[in-house]
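K.L.:
Next up is a structure, given as structure tokens.
The values are calculated or read from the model by the stated rules, or taken from the named source; none is laboratory data. What you see is a predicted model; the values in this text were computed from it and never measured. We place every Cβ from the backbone using ideal geometry, glycine too, and count neighbours over all the protein chains shown. Only protein heavy atoms, including side chains, enter the accessible area calculation; ligands, DNA and RNA are left aside. Shrake-Rupley method; radii C 1.70, N 1.55, O 1.52, S 1.80 Å.
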Amino acid sequence: MRAVQIVAETGPDTALELVELPEPGSSPVMTPNEEGVVVEVHAAGVSFPELLQTRGQYQLKPPLPFVPGSEVGGVVRSAPVGASVKEGDRVAAFCALGAWAETAVAPEYFTFALTDELDFAQGAALILNYHTAYFCLLMRGRLKAGETVLVHGAAGGVGTASLQVAKAAGASTIALVSTEEKARVAEQAGADHTIVISDGWRDEVKEVSGGGVDVVLDPVGGDRFTDSLRTLRENGRLVVVGFTGGSIPEVRVNRLLLNNTEVVGAGWGAYVMSKPDLNREVGAAIGKMVADGFVRPPVGGRFPLEQAADALRMLDERRATGKVVLEVRPG
Ligand SMILES: NC(=O)c1ccc[n+]([C@@H]2O[C@H](COP(=O)([O-])OP(=O)(O)OC[C@H]3O[C@@H](n4cnc5c(N)ncnc54)[C@H](OP(=O)(O)O)[C@@H]3O)[C@@H](O)[C@H]2O)c1
């Protein structure tokens, strides 16, 4: 089968190689002693971790060379007895590694039927970002209907997913983005208010939220963190999701005491990997959000497998919107 491997930790320009590999067996990387669902990959997701892996900067560091890519949209070739999907089904599946290939293998509890509303590219956008958004907002952030959430990096993958999951949960959404073009992406993803970041963004957030927000979802980090804390109303929660801005902020905890607010860490992968039932439960909840029309992953970049480096550069150069995918079997 055709696949792309990371062969060096030298960055997206030189770290990747298109190769011919034997088909994988039927065991997923995550559960090597169990039979998984073998998927013919139509689209594979491209995400920040793969960019970091080309530089050796991600926590998951398989020995070189390896096939990166954590999620796919495709068609089931084989499934274990008792799985909720069967041969021929369209699915979205999370395989952790090995997605940038014509065939991938995922645990049955991380494989979900893909309904007709979504194409394969949207299937490849459904698990990492939407399960993360659900985990960060509803489980760690305890977001409730009627509350207001501020989403940083709102035109990105996690950002657009968070806007849609928040709307499905009955919350109001404020999107913070860096350009007018990204503002349009956030609006299309369901933002109630969109703010292009400038010196006065904190005051704008306070104004449109009527005094402060209940939850901040922050995949960006960096120097806007303290201002984010200042946008929280009483009992507000700032959910720490990532650091695309490059630096890891520090908290002066007296601010939390004075304003009765919280900073909450949210690491989806580490939390859910060993919890099959939780993944089934979240998959069903996201499936309902798809059926109810709230979840429609925006796909902002489509590349053939051999142009995986271009796909990574989109993320690296802050040009990506929604989800970037590799179309492994186009059509
Ligand atoms: N905690 C978890 O469980 C979990 C799960 C999945 C992903 N993540 C993390 O969440 C973060 C976002 O992932 P994503 O897939 O949403 O990425 P993405 O699609 O590239 O979006 C990230 C956003 O960050 C903003 N940004 C600010 N400074 C940036 C910079 N220097 N370079 C690139 N982007 C910058 C950009 O928005 P503006 O241009 O509008 O500012 C961009 O849209 C990553 O760090 C990822 O590792 C965490």
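K.L.:
Only one residue in Ala320, Ala284 is within 11 Å of the ligand (Cβ to nearest atom) and either within 16 Å of the chain's Cα centre (by Cα) or closer than 22 Å to Ala96 by Cα (or both), so which one is that?
P.N.:
Values: Ala284 fails: within 11 Å of the ligand (Cβ to nearest atom).
When all the criteria are applied, what remains is Ala320.
K.L.:
Report whether or not Thr160 is within 14 Å of the ligand (Cβ to nearest atom) and in contact with a strand residue (DSSP E or B) (Cβ under 9 Å, 6 or more places away or on another chain). Steps first, answer last, please.
P.N.:
Values: within 14 Å of the ligand (Cβ to nearest atom): yes; in contact with a strand residue (DSSP E or B) (Cβ under 9 Å, 6 or more places away or on another chain): yes.
Criteria met by Thr160.
K.L.:
Looking only at region 154-173, filter to residues that are out of contact with any Phe, Trp or Tyr (no Cβ under 6 Å at 6 or more places or on another chain) and open to solvent by 30 Å² or more (accessible area, probe 1.4 Å); which one of those is farthest from His131 (Cα to Cα)? Before the answer, list the steps.
P.N.:
Quick first cut of region 154-173, residues out of contact with any Phe, Trp or Tyr (no Cβ under 6 Å at 6 or more places or on another chain) only: 154-160, 162-163, 166, 169-173.
Imposing the further condition that a residue be open to solvent by 30 Å² or more (accessible area, probe 1.4 Å) reduces the set to 158, 170, 172.
Values: Val158: 9, Gly170: 17, Ser172: 19 Å.
It comes out as Ser172.
To keep it simple, each residue is scored yes or no on (1) surrounded by 16 or more Cβ atoms within 10 Å (Cβ to Cβ); (2) modelled with pLDDT under 95.
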position	(1), (2)
Glu35	yes, no
Val41	yes, no
Glu50	yes, no
Gln59	no, yes
Gly88	no, no
Tyr109	yes, no
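K.L.:
Determine which member of the set Leu232, Leu150, Leu176 is hydrophobic (A, V, I, L, M, F, W, C), open to solvent by less than 10 Å² (accessible area, probe 1.4 Å) and either more than 10 Å from the ligand (Cβ to nearest atom) or on the phi > 0 side of the Ramachandran plot (or both).
P.N.:
Values: Leu232 fails: open to solvent by less than 10 Å² (accessible area, probe 1.4 Å); Leu176 fails: either more than 10 Å from the ligand (Cβ to nearest atom) or on the phi > 0 side of the Ramachandran plot (or both).
The unique qualifying residue is Leu150.
K.L.:
So, one more: Considering only residues that are buried (at least 16 other Cβ atoms within 10 Å of the Cβ) and either closer than 19 Å to Arg224 by Cβ or free of Cβ contacts under 8 Å to residues at least 40 places away in the same chain (or both), which ones fall in region 179-191?
P.N.:
Lys182, Ala183, Ala186, Glu187, Ala191
K.L.:
Hey, another quick one. Considering (1) in contact (Cβ under 8 Å) with a residue 60 or more places away in the chain; (2) within 10 Å of the ligand (Cβ to nearest atom), say which one Leu143 fails and leave the rest.
P.N.:
Evaluating Leu143 over (1) in contact (Cβ under 8 Å) with a residue 60 or more places away in the chain; (2) within 10 Å of the ligand (Cβ to nearest atom) leaves (2) as the failure.
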